Amino acid sequence: MDSRLILIGDVHGHYAGLCHLLDLISPTAGDRLYFLGDLVDRGPKSAAVVELVRQGGYGALRGNHEDMMLLTFEGKQINPARLLVWSQSGGDETLASYTSTELLWEHLDWLHTVPLYQDLGDVFIVHAGLNPALPLEQQTQQECCWIRESFLAHPRPYFTDKTIVIGHTITFTFPRVQAGQIVRGAGWLDIETGAYHQRSGYLTALDWTNQWVYQVNVLYGGTRQGELDTFVVDLAELSWSRG
């Protein structure tokens, strides 16, 4: 089998589901795996997820939940105001998953090295999106980790020669999109199918090389896979806008 480029959506601490998904994918030494951010928060085993990705040598991006985590412990001092915000977004579950402060510091040091985006040739990966009004070199963690409407509703692709693949925005939040479906916009694909959310449970991996989708439902059980086109909803066909 030729080497594959595989992109995995927001895991949110669901370690058992991620292990199941990796079993389904059966990655080889030649495959390239990248996680699109939000490894942590909301699920029960964020520390185990981060350790799996770190020890596996997989690619990863900073998501908004890693951003909150890093800001909470900026300079290895706890910022009480940021801790409150983070804890209300799943940070309590993440802290509870750590058995030692030493491991937490190791993971924070590693997360500081994780990039905001990666250009993989015909694919560009970023957690949330890019500000259409800014050149790439001016995009900050605020854009890359947090942006929604101004990117998603922009009528023209940011790149003319590559597809942006994102997480961050759960796909069923778009009108008439079902849980587990993937959304295509102007030059982008959203594979964040809401693994942690009771309405969905689907954790998604996209084999970009073969245009193939793998999904595990981390909440209700079951797996499914198939050609990308069978999972995709095109926003242009829905006449959608967030305006």
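Residues are listed down the side, and each one gets a yes or a no for (1) more than 23 Å from residue 169 (Cβ to Cβ); (2) modelled with pLDDT of 95 or more; (3) touching a Gly at 6+ places or on another chain (Cβ under 7 Å):
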{"residue": "5", "(1), (2), (3)": "no, yes, no"}
{"residue": "9", "(1), (2), (3)": "no, yes, yes"}
{"residue": "13", "(1), (2), (3)": "no, yes, yes"}
{"residue": "20", "(1), (2), (3)": "yes, yes, no"}
{"residue": "24", "(1), (2), (3)": "yes, yes, no"}
{"residue": "34", "(1), (2), (3)": "no, yes, yes"}
{"residue": "40", "(1), (2), (3)": "no, yes, yes"}
{"residue": "53", "(1), (2), (3)": "no, yes, no"}
{"residue": "57", "(1), (2), (3)": "yes, yes, no"}
Checklist entry - In region 59-79, which residues are at pLDDT 95 or above and either under 18 Å from the mean Cα position of the chain (by Cα) or over 22 Å from residue 140 (Cα atoms) (or both)? => result 59, 60, 61, 62, 63, 64, 65, 66, 67, 68, 69, 70
Item to check | Residue list for region 29-46, filter: in contact with a helix residue (DSSP H, G or I) (Cβ under 7 Å, 6 or more places away or on another chain), at negative phi and crowded, with 19+ Cβ neighbours inside 10 Å | outcome: 35, 39, 40, 43, 45, 46
Checklist entry - For residue 52, which of the numbered conditions (1) closer than 20 Å to residue 166 by Cβ; (2) open to solvent by less than 50 Å² (accessible area, probe 1.4 Å) fails to hold? => result (1)
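Quick grid of which residues meet (1) within 12 Å of the chain's Cα centre (by Cα); (2) among the polar types (S, T, N, Q); (3) at positive phi:
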| site | (1), (2), (3) |
| --- | --- |
| 143 | no, no, no |
| 148 | no, no, no |
| 163 | no, yes, no |
| 167 | yes, no, no |
| 173 | no, yes, no |
| 190 | yes, no, no |
| 197 | no, no, no |
| 202 | no, no, no |
| 214 | no, no, no |
Checklist entry - Out of (1) free of Cβ contacts under 8 Å to residues at least 40 places away in the same chain; (2) within 23 Å of residue 238 (Cα to Cα); (3) not aromatic (Phe, Trp, Tyr), what's the single condition that is false for residue 165? => result (1)
Checklist outcome for this item: Checked region 89-137 for anything open to solvent by 30 Å² or more (accessible area, probe 1.4 Å) and of a type in the set (A, V, I, L, M, F, W, C); matches are 95, 96, 103, 105, 110, 116, 133, 134, 136
Checklist entry - Which pairs do you get when a residue that is without any contact (Cβ under 8 Å) to a residue 60 or more places away in the chain, found in region 1-21, comes within reach of a residue that is aliphatic (A, V, I, L, M), reach meaning Cβ atoms under 8 angstrom, with the pair 6+ apart or on two chains? => result 15/48; 15/49; 15/52; 19/52
Checklist outcome for this item: Scanning region 178-205 residue by residue, those part of a strand (DSSP E or B) and surrounded by fewer than 22 Cβ atoms within 10 Å (Cβ to Cβ) turn out to be 184, 189
Checklist entry - Hey, residue 172 hits all of (1) out of contact with any Lys or Arg (no Cβ under 8 Å at 6 or more places or on another chain); (2) not in a loop (DSSP other than H, G, I, E, B) but one; which does it fall short on? => result (1)
Checklist entry - Which one is surrounded by the fewest Cβ atoms within 10 Å (Cβ to Cβ) among residues in region 141-159 that are of a type in the set (S, T, N, Q) and touching a residue at least 12 places away in the same chain (Cβ under 8 Å)? => result 150
Item to check | Inter-residue pairs, beta-carbon under 7 Å, first charged (D, E, K, R) and in region 207-233, second in a loop (DSSP other than H, G, I, E, B), 6+ apart | outcome: 207/4; 227/211
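Report yes if some residue within region 120-140 is of a type in the set (Phe, Trp, Tyr) and out of contact with any Lys or Arg (no Cβ under 6 Å at 6 or more places or on another chain); otherwise report no. Give the derivation first.
Residues of region 120-140 that are of a type in the set (Phe, Trp, Tyr), as a first pass: 124.
This time we only want the ones that are out of contact with any Lys or Arg (no Cβ under 6 Å at 6 or more places or on another chain), so: none.
Looking for residues that are of a type in the set (Phe, Trp, Tyr) and out of contact with any Lys or Arg (no Cβ under 6 Å at 6 or more places or on another chain), one finds none in region 120-140, hence no.
The values are calculated or read from the model by the stated rules, or taken from the named source; none is laboratory data. Everything numeric in this text was worked out from a predicted model, so none of it was measured. For neighbour counting, all protein chains shown are included, and Cβ atoms are generated from backbone atoms with ideal geometry for every residue, glycine included. Protein only, heavy atoms only, side chains kept; ligands, DNA and RNA dropped before computing areas. Shrake-Rupley method; radii C 1.70, N 1.55, O 1.52, S 1.80 Å.
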